[in-house]
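The structure under discussion appears below in the form of structure tokens.
The values are calculated or read from the model by the stated rules, or taken from the named source; none is laboratory data. Just so we're clear, the structure is a prediction, and the values are computed from it rather than from any experiment. Cβ coordinates were reconstructed from backbone atoms using ideal geometry, including for glycine residues, and neighbour counts include every protein chain displayed.
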Amino acid sequence: MKIIPGPASKQLGEKVAKFLGVEAVPLVFKTYPDGESYVRLEGTVQNEEVAIVQTTSPPQDTRLIQLALIADAAKRHGAEKITAVVPYLAYARQDKVFLQGEAISIETVARMLKVAGVDSLITVNVHQAKVLAKFPFPAKTISAIPLLAEHFKQKGFEKAFALAPDDGALWLAEEAKTVLGDECGCLEKHRDLYTGQITMKKKTLNVYGKTVIIFDDLISTGDTIASAAKIMRELGADKVYAACVHPLLIGDAEKRILESGVEEIVGTDSVPSHVSKVSLAPLISKFLKEHKSG
Ligand code: R5P
């Protein structure tokens, strides 16, 4: 097996190659003056099983095209099997027609990757796992929540309350609880499909005087975490932390979250940023090792 670290996940891809003790294929990539992407493999992939590591956080469209171009280049130059390792899978939230006239964006993305040469895909904490069943190739999601919870445990946060912002994310808090050992629970969130505005309902939870860690798959505008943190404060939580797999942190999300009373945000290198304190490299390497053909 060889790893191709894509331009959006160069460090993560190189780490994965190191963990696996395999070659990281160098890639030349550039952007033309008109904005088009260019890629060229500098190593050989002939008869190799390859894994392209490329996240698709903003700028999503550019990163998706880069991934498709890398897959095309690898297939064209003899790669036997191509696995796309896409820690943050863009467009995964548009997984159904919510309002009449919409596209199912994630299905379009999957078909595009298939045409480019992708044979299978691995992502991390995709918004809804069931969406992967509709992909035109085998696709799996793995969870980084135990790694995030372990990070907090190592820092002495054993017995923190694991909170999910809504019942759809409750399983994330439950997973964290298996590492942290205390209680878990969730709030109730509603999002207006036209304005995108969220409202969060207060619920009675046993957080008084406790440290609470809010777990979510991603932080985009920060509205979800900020609203949940405010409720935790009102319920008497002593300290509130935020943990997410994909720290997109759009605009002033970080500022708003910290202003809502969150002590610290911890994310993974799914989306490289200054809050990406946990690396996905061990998780991805383990998965690739266990699922390597032959
Ligand atoms: C949505 O259901 C997701 O799990 C996240 O809670 C959401 O996308 C976070 O978005 P934001 O940071 O904009 O509230």
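List of remarks:
- Identity of the residue in the stretch 257-294, in a loop (DSSP other than H, G, I, E, B) and charged (D, E, K, R), that ends up surrounded by the most Cβ atoms within 10 Å (Cβ to Cβ): Asp269
- The set of residues in the stretch 110-132 being over 20 Å from His291 (Cβ atoms), buried (at least 19 other Cβ atoms within 10 Å of the Cβ) and at pLDDT 95 or above consists of Ala116 alone.
- Restricting the stretch 182-229 to residues that are surrounded by fewer than 21 Cβ atoms within 10 Å (Cβ to Cβ) and among the aromatic types (Phe, Trp, Tyr), the residue that is nearest to Leu172 (Cα to Cα): Tyr208
- Pairing each residue of the stretch 168-181 that is closer than 13 Å to Ala144 by Cβ with any residue that is of a type in the set (A, V, I, L, M), provided the two are 6+ apart or on different chains, yields C-beta distances under 6 Å for Leu172/Ile145; Leu172/Ala164; Glu175/Ile145; Ala176/Ile145; Ala176/Ala149; Ala176/Ala162; Val179/Ala149.
- Being surrounded by fewer than 18 Cβ atoms within 10 Å (Cβ to Cβ) and touching a residue at least 12 places away in the same chain (Cβ under 8 Å) is a description that does not apply to Gln66.
- Output for the stretch 217-241, where each listed residue is under 17 Å from Lys202 (Cα atoms) and either in a strand (DSSP E or B) or free of Cβ contacts under 8 Å to residues at least 12 places away in the same chain (or both): Val240
- Scan of the stretch 44-66 for residues that are of a type outside the set (Gly, Ala, Ser) and farther than 18 Å from Met1 by Cα, ordered by number: Thr55, Thr56, Pro58, Pro59, Gln60, Asp61, Thr62, Arg63, Leu64, Ile65, Gln66
- The single condition among (1) of a type in the set (S, T, N, Q); (2) at pLDDT 95 or above; (3) in contact with a strand residue (DSSP E or B) (Cβ under 9 Å, 6 or more places away or on another chain); (4) more than 10 Å from the ligand (Cβ to nearest atom) that Ser220 does not meet is (4).
- From the options Ile214, Ile198, residue that is touching a helix residue (DSSP H, G or I) at 6+ places or on another chain (Cβ under 7 Å), in contact (Cβ under 8 Å) with a residue 12 or more places away in the chain and within 30 Å of Leu288 (Cα to Cα): Ile214
- Set side by side, the residues Glu107, Glu158 differ, and just one is surrounded by fewer than 23 Cβ atoms within 10 Å (Cβ to Cβ), in contact with a helix residue (DSSP H, G or I) (Cβ under 8 Å, 6 or more places away or on another chain) and closer than 23 Å to Tyr194 by Cα, which is Glu107.
- Within the stretch 24-41, the residues that satisfy the criterion of being part of a loop (DSSP other than H, G, I, E, B) and of a type outside the set (A, V, I, L, M, F, W, C) are Pro26, Tyr32, Pro33, Asp34, Gly35, Glu36.
- Filtering the stretch 70-87 for residues that are touching a Ser or Thr at 6+ places or on another chain (Cβ under 8 Å) and under 21 Å from Ile250 (Cα atoms) leaves a non-empty set.
- Enumeration of residues in the stretch 242-256 that are in a helix (DSSP H, G or I) and of a type outside the set (Lys, Arg): Ala253, Glu254
- Among the candidates Ala92, Ala84, residue that is within 16 Å of the chain's Cα centre (by Cα) and either part of a helix (DSSP H, G or I) or within 16 Å of the ligand (Cβ to nearest atom) (or both): Ala92
- For the stretch 133-155, filtering for residues that are within 16 Å of the ligand (Cβ to nearest atom) and either surrounded by fewer than 23 Cβ atoms within 10 Å (Cβ to Cβ) or more than 17 Å from the chain's Cα centre (by Cα) (or both) leaves 2.
- Near pairs, Cβ below 8 angstrom, 6+ apart or cross-chain, from the stretch 23-40 (farther than 14 Å from Gly6 by Cβ) to any residue that is assigned to a loop (DSSP other than H, G, I, E, B): Glu23/Gly43
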